[in-house]
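In what follows, a single structure is set out as structure tokens and then discussed.
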Amino acid sequence: MAPILTSSKFTDRVTHLQPEGAYAVLARAQALEAQGRKIIHLEIGQPDFPTPKNVSEAGINAIRAGKTKYTPPAGIPKFREIIAGYAGNLRGLKINPEQVIVGTGSKPGLFFPTLALVSPGDEVIYPDPGFPTYEAMIRVAGGIPVPIPLREENQFSFDLDIFDAEISDRTRLVILNSPGNPTGGVIPVDDLKHIASRAIEHDTWVISDEIYTQLVYDNIEAHSIAELDGMLARTVIVDGFSKTYSMTGWRLGYMIAPVGLAERLELLITHATGCTAAFTQYAGLEALTGPQDFVSGMVTEYQQRRDRMLELVNAIPGLRAQRPQGAFYLFPNIKSFGLNAKQIATRLIEEAGVAVLAGTDFGAGGEGYIRLVYATSMEDIEEGVQRMAGWFRSL
Ligand code: PLP
């Protein structure tokens with residue numbers, strides 16, 4: 001039998017860590033499937049499109065050409081240069097290749113800047129509900145998590161009154177995510193301006209998680225706080241290839257930071273992962289320099305799926321979902337049913353065979369909501385929401 005250790009053997013840095021809710025629900029769905037049940041998956045935030053062929057081919061060709069050795073820790077110089085141009089164009093910013101640090105997904109772009117910037121006892125503001133990695137990494141760094149509730153009626157942007165009451169000279173870092181997981185909300189520019197002015201006033205850093213920045217609908221644009229006066233020097237922009245190019249398993253992303261911080265991040269990468277797989281970087285190079293119609297085609301498809309899911313969900317008496325402007329999540333309000341989010345999510349998978357996440361998998365502020373993913377086929381969206389409709393009616 002494998003030896004079992006109690007948590008008292010470990011440091012405070014790791015004892016608080018929890019799995020991501022999505023993995024737990026996926027495991028339950030798979031267990032039910034093994035019993036012969038048909039489960040509709042609306043829980044995993046992963047594009048259902050294959051990686052574009054030209055991108056996969058570039059990775060395969062790189063392996064064939066022997067690109068299987070270490071690269072510089074911050075990434076292949078040509079790739080950093082291409083990312084600087086691409087990410088800069090997207091946001092109307094001048095970005096220097098030295099500011100770009102390539103990582104194994106976007107997650108290092110959340111983790112390493114937090115380690116580099118947050119000392120024990122520093123406060124960190126972040127969205128609630130929000131991507132679970134934010135709170136995890138704040139705690140690993142020894143920081144004090146300061147969750148700020150999001151407001152459904154304002155595109156799930158921060159409650160700015162609470163934000164103003166919480167930000168202070170003790171705040172070292174503010175984490176933003178727009179378009180956001182789990183809500184699909186895009187932070188309005190006026191809110192970004194407000195947040196930027198407070199960040200400057202209290203001399204805080206910002207990590208801006210922009211991995212859904214190209215998944216926006218209705219012809220809107222998701223702006224980066226780094227575009228605002230004085231913000232590029234205090235912001236780490238985090239982006240990657242998982243969502244935009246359907247490359248979740250390749251593990252490829254990047255962070256863009258002011259040069260002095262970028263050097264520290266490069267050193268963290270040097271000692272933590274060494275570098276990102278060379279052939280993955282060549283695939284990423286092709287993704288950015290090859291044809292971009294894959295991205296626009298995917299966005300068009302997501303918008304149709306969003307519209308259909310929204311229509312079906314809002315036709316269920318008692319459910320109410322806002323029209324999300326980005327990402328691939330719907331975050332319906334379930335408060336009228338008198339059950340909490342976890343109860344509803346659990347009963348939906350057990351009784352209706354639909355896997356969804358409870359809003360509380362993303363923090364206490366997610367109570368009263370469930371998260372539905374529309375990065376899945378139209379048939380599954382229709383069947384999943386129809387099953388939900390039947391189940392909610394039966395309550
Ligand atoms: N940030 C957010 C908001 C996410 O939703 C995810 C993945 O779901 C990530 C970061 C991590 O993505 P990656 O695969 O690039 O590490």
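Suppose we filter the stretch 179-207 for residues that are within 11 Å of the ligand (Cβ to nearest atom) and either hydroxyl-bearing (S, T, Y) or free of Cβ contacts under 8 Å to residues at least 60 places away in the same chain (or both); how many remain? Going through the stretch 179-207 one residue at a time, the tally reaches 1. Of the helices (runs of 4 or more DSSP H) contained entirely in the stretch 215-326, those carrying at least 3 residues that are of a type in the set (S, T, N, Q) and either at negative phi or within 16 Å of the ligand (Cβ to nearest atom) (or both) fall at 278-289, 293-314. Where residues in the stretch 112-123 are closer than 15 Å to L261 by Cβ and surrounded by fewer than 24 Cβ atoms within 10 Å (Cβ to Cβ), which of them is farthest from the ligand (Cβ to nearest atom)? Here the answer is S119. Among the conditions (1) in contact with an Asp or Glu (Cβ under 9 Å, 6 or more places away or on another chain); (2) surrounded by fewer than 24 Cβ atoms within 10 Å (Cβ to Cβ); (3) not hydroxyl-bearing (S, T, Y), the only one that G359 does not satisfy is (2).
Could you tell me which of the residues Y369, Y374, Y329, Y282 is assigned by TED's automatic domain parsing to the domain that holds N89 and crowded, with 16+ Cβ neighbours inside 10 Å?
Values: Y369 fails: assigned by TED's automatic domain parsing to the domain that holds N89; Y374 fails: assigned by TED's automatic domain parsing to the domain that holds N89; Y329 fails: assigned by TED's automatic domain parsing to the domain that holds N89.
Sole residue among the options that is assigned by TED's automatic domain parsing to the domain that holds N89 and crowded, with 16+ Cβ neighbours inside 10 Å: Y282.
Here is a yes/no grid of residues against (1) at pLDDT below 95; (2) more than 26 Å from R371 (Cα to Cα); (3) not hydrophobic (A, V, I, L, M, F, W, C):
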| residue | (1), (2), (3) |
| --- | --- |
| T248 | no, no, yes |
| P258 | no, yes, yes |
| Y282 | no, yes, yes |
| V295 | no, no, no |
| M298 | no, no, no |
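Taken residue by residue, the stretch 305-322 has no member that is within 30 Å of I82 (Cα to Cα) and modelled with pLDDT of 95 or more.
Kindly indicate whether T289 is β-branched (V, I, T) and free of Cβ contacts under 8 Å to residues at least 12 places away in the same chain. Explain how you work it out, then say what you get.
Values: β-branched (V, I, T): yes; free of Cβ contacts under 8 Å to residues at least 12 places away in the same chain: no.
The answer is no for T289.
Quick one: would you say I101 is closer than 26 Å to D229 by Cα and within 16 Å of the ligand (Cβ to nearest atom)? The answer is yes for I101.
Give me the helices (runs of 4 or more DSSP H) completely within the stretch 1-88, filtered to those with at least 3 residues that are aliphatic (A, V, I, L, M) and either in contact with a His (Cβ under 8 Å, 6 or more places away or on another chain) or modelled with pLDDT of 95 or more (or both), ordered by residue number. Show your work before the answer.
Details: elements: 12-15, 21-34, 53-64.
Helices (runs of 4 or more DSSP H) meeting the threshold: 21-34, 53-64.
For the stretch 377-395, residues that are closer than 11 Å to I344 by Cα and surrounded by 15 or more Cβ atoms within 10 Å (Cβ to Cβ) total 3.
Is it the case that G318 is within 18 Å of the chain's Cα centre (by Cα) and under 30 Å from A341 (Cβ atoms)? Let's see the steps before the verdict.
Working: within 18 Å of the chain's Cα centre (by Cα): no; under 30 Å from A341 (Cβ atoms): yes.
No.
The values are calculated or read from the model by the stated rules, or taken from the named source; none is laboratory data. Every value quoted in this text rests on a predicted model; they were computed, and no experiment measured them. When we count neighbours, we look across all protein chains shown, and the Cβ atoms used for this are built from the backbone with ideal geometry, even at glycine.
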